[in-house]
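Student: Sharing a structure here in structure tokens format.
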Amino acid sequence: MKILVAVKRVVDYNVKVRPNSDSSDVELANVKMSVNPFCEIAVEEAVRLKEKGIATEIIAVTIGTVQSQEQLRTCLALGADRAILVETDIPVEPLAVAKCLKAVYEEEQPDIVLMGKQAIDGDNNQTGQMLASMLGCAQGTFASEVSVEEGSIAVTREIDGGLQTLSLKLPAVITTDLRLNEPRYASLPNIMKAKQKPLATRSAEELGVDVSPRTQLLGVELPAQRQAGIKVNDVAQLVDKLKNEAKVIS
Amino acid sequence: MSILVIAEHNNQQLNPATLSALAAAVELGGDIDLMVAGSGCQAAIDQASQIACITKVIAADHSACEHFLAENIAPLIADNASGYTHILAAATTTAKNIMPRVAALLDVQAISDISAVISENTFKRPIYAGNLIATVQSNDAVKVITVRATAFDAVEATGGSATVETLESVNDMGISSFASEQLAESDRPELTAASIVVSGGRGMASGDNFDLLYRIADKLGAAVGASRAAVDAEFVPNDMQVGQTGKIVAPDLYIAVGISGAIQHLAGMKESKVIVAINKDEEAPIFSIADYGLVADLFTALPELESKL
Ligand SMILES: Cc1cc2nc3c(=O)[nH]c(=O)nc-3n(C[C@H](O)[C@H](O)[C@H](O)COP(=O)(O)OP(=O)(O)OC[C@H]3O[C@@H](n4cnc5c(N)ncnc54)[C@H](O)[C@@H]3O)c2cc1C
Ligand SMILES: Nc1ncnc2c1ncn2[C@@H]1O[C@H](COP(=O)(O)O)[C@@H](O)[C@H]1O
């Protein structure tokens, strides 16, 4: 069984982002970049399926700038067998990403596509659903457990009300939630080995995909900042403040 | 302008978040239709038809809509989208599952989680866990949008009498099926709808200790939430997670207990009107956004709080 894992290069989750000097976009100069945490979980799940003997080949793919090779190398060090960079210079939207992934899917014919539920930069939570739609296949979004069966896959999903388990026909697109697994760290020998693994570069034009944006970012701003309030001395003062000052309890 | 809002419901009752999505539709202006797709959902259809701001209910009561499988519902929405300039739904897990699939069928770029309507094609939405607010303009002919419910005040649920149009043909795509579910049972208010939320973090140290919070919640009529660390440690189930990747809440009062205040947690609660933090570490970042901070050990503070309420 072949697994395609889509990963995105994003600002590391520990970075406190700011608007750039003209507030036209996020300041990305000298900012630490990483594999989107949800994508790391997707890679880990693919590697575990391979370790269980279910998956035979794992292909990591990203759509982005040439710098995204770094994140693909990380995925190779984590256990992907080969990687594909679909190189673009412009920031791509979920719809365009899904179209590129569809083109790669058609070439590679994987049984399962594993992706993150959301990229923590744009927080869109769209790409997996869009890809599944374009492929006309089933989707298991926000997965916290997957179990591959003959021709189908059972996916337990984190939904607002609790957990839901679906049975999906293969091929299917699975998007990961946080509790699906805890990703491993790449070992030094594996980081060295990853340098030898194949990394192909493609372009959107070559794949026949129009990636021109449908939306325009007019600007970014900081949200209204909350002022720190006061420290109360004890529980009695807290209750008094909530009753008589904030008037939120009676 | 003509707007289609997709209702969220459990076949019996509309989810209040839908009333907030309708509020965003009202801000856009124009005719608003409300689609209720479900199975055995007459009660929800009846409720929908009473909402004053809508023109028409579009109802699909069909077994293929049971469990709101995206594979079946998305084509239903896309097939009935013609004539609409906007398709909206509240940004719940159900809509997040379905709406991008609709957008792909219509070949448009969806806009997730809007927190403000600037104009008919321009919206504000939080990005980077709410650390920045983006203003985004859509150039697509149809705007497919999910709405952050906490950012819009619900419309009136009654006072109207909309006509109901019934959709007969719904396809079961036959590629996905429901197997089982484990829904949280609770007599407490739903997290995203509660006016008071009491949340616990890793500092609670165990699931049993959440009883300290439940007792306070019951006195206040509050819902109980949690940080990711508390969910990961299996103190409580996942549906209680508040944050960037959990639920977004904005109650009148949010009490964070034993929660440090990571940006991913703040993303889910910093729009609350009044924030209280109880933490034994006076340097905890949660205090920088709390209106009232109490530096104390929660195991002594919580019983005392319960007795004083
Ligand atoms: C991609 C991604 C998404 C994430 N999404 C979310 C999300 O949606 N929601 C979320 O919450 N987190 C999320 N996180 C995790 C987040 O970064 C933090 O790790 C998490 O919020 C920490 O939870 P905590 O505050 O309970 O635990 P900690 O940071 O460990 O804090 C525990 C606090 O309890 C206090 N404490 C301990 N004992 C006591 C006591 N006896 N009395 C009083 N205080 C005490 C400590 O002083 C400390 O401040 C996400 C992380 C990533 C990478
Ligand atoms: N540029 C990209 N290249 C590859 N995969 C991506 C890209 N953008 C998003 N994805 C995938 O889609 C998931 C959801 O992203 P999003 O819809 O942007 O929140 C991510 O976790 C990735 O798995």
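The values are calculated or read from the model by the stated rules, or taken from the named source; none is laboratory data. Every value quoted in this text rests on a predicted model; they were computed, and no experiment measured them. Quick reminder, even Gly has a Cβ in these numbers, built from the backbone with ideal geometry, and neighbours come from all protein chains shown. Calculation scope for accessible area: heavy atoms of the full protein, side chains included, ligands and nucleic acids excluded. Shrake-Rupley method; radii C 1.70, N 1.55, O 1.52, S 1.80 Å.
Student: Of the residues that sit in region A:119-142 and are in a strand (DSSP E or B) and within 7 Å of chain B (Cβ to nearest Cβ), which one is nearest to A:Tyr13 (Cα to Cα)?
Tutor: A:Phe142
Student: Output the number of the condition that A:Ala80 fails; it satisfies all remaining conditions of (1) within 16 Å of ligand 1 (Cβ to nearest atom); (2) surrounded by 23 or more Cβ atoms within 10 Å (Cβ to Cβ); (3) assigned to a loop (DSSP other than H, G, I, E, B); (4) not aromatic (Phe, Trp, Tyr).
Tutor: If we test A:Ala80 against (1) within 16 Å of ligand 1 (Cβ to nearest atom); (2) surrounded by 23 or more Cβ atoms within 10 Å (Cβ to Cβ); (3) assigned to a loop (DSSP other than H, G, I, E, B); (4) not aromatic (Phe, Trp, Tyr), just (1) comes out false.
Student: β-branched (Val, Ile, Thr) and facing chain B (nearest Cβ under 9 Å) - does that describe any residue in region A:166-188?
Tutor: Within region A:166-188, none of the residues are β-branched (Val, Ile, Thr) and facing chain B (nearest Cβ under 9 Å).
Student: When you scan region A:212-250, how many residues do you find that are assigned to a helix (DSSP H, G or I), more than 7 Å from chain B (Cβ to nearest Cβ) and touching an Asp or Glu at 6+ places or on another chain (Cβ under 6 Å)?
Tutor: Going through region A:212-250 one residue at a time, the tally reaches 0.
Student: Here are A:Glu107, A:Glu149: which of them is over 28 Å from B:Ala91 (Cα atoms) and modelled with pLDDT under 95?
Tutor: A:Glu149
Student: Considering region B:100-126 alone, what residues qualify as being hydrophobic (A, V, I, L, M, F, W, C) and either without any contact (Cβ under 8 Å) to a residue 60 or more places away in the chain or over 19 Å from A:Pro213 (Cβ atoms) (or both)?
Tutor: B:Val102, B:Ala103, B:Ala104, B:Leu105, B:Leu106, B:Val108, B:Ala110, B:Ile111, B:Ala116, B:Val117, B:Ile118, B:Phe123
Student: Being open to solvent by 30 Å² or more (accessible area, probe 1.4 Å), more than 7 Å from every other protein chain (Cβ to nearest Cβ) and either touching a helix residue (DSSP H, G or I) at 6+ places or on another chain (Cβ under 7 Å) or part of a strand (DSSP E or B) (or both) is the filter here; which residues of region B:124-149 pass it?
Tutor: Within region B:124-149, B:Lys124, B:Ala149 meet the criteria.
Student: Checking the conditions here, which among B:Ile114, B:Ile98 is facing another protein chain (nearest Cβ under 10 Å) and either within 30 Å of A:Glu221 (Cβ to Cβ) or open to solvent by 10 Å² or more (accessible area, probe 1.4 Å) (or both)?
Tutor: Answer to the selection: B:Ile98.
Student: Can you name the residue in region B:246-260 that is in a loop (DSSP other than H, G, I, E, B) and crowded, with 22+ Cβ neighbours inside 10 Å and, of all such residues, is farthest from ligand 2 (Cβ to nearest atom)?
Tutor: Only one residue fits best here, namely B:Gly258.
Student: Do we have any residue at all in region A:220-240 that's in contact with a strand residue (DSSP E or B) (Cβ under 6 Å, 6 or more places away or on another chain) and in contact (Cβ under 8 Å) with a residue 60 or more places away in the chain?
Tutor: Yes, region A:220-240 contains a residue that is in contact with a strand residue (DSSP E or B) (Cβ under 6 Å, 6 or more places away or on another chain) and in contact (Cβ under 8 Å) with a residue 60 or more places away in the chain.
Student: What number goes with the only condition from (1) part of a helix (DSSP H, G or I); (2) charged (D, E, K, R); (3) under 15 Å from A:Ala46 (Cα atoms) that A:Glu145 does not pass?
Tutor: Here A:Glu145 clears every test but (1).
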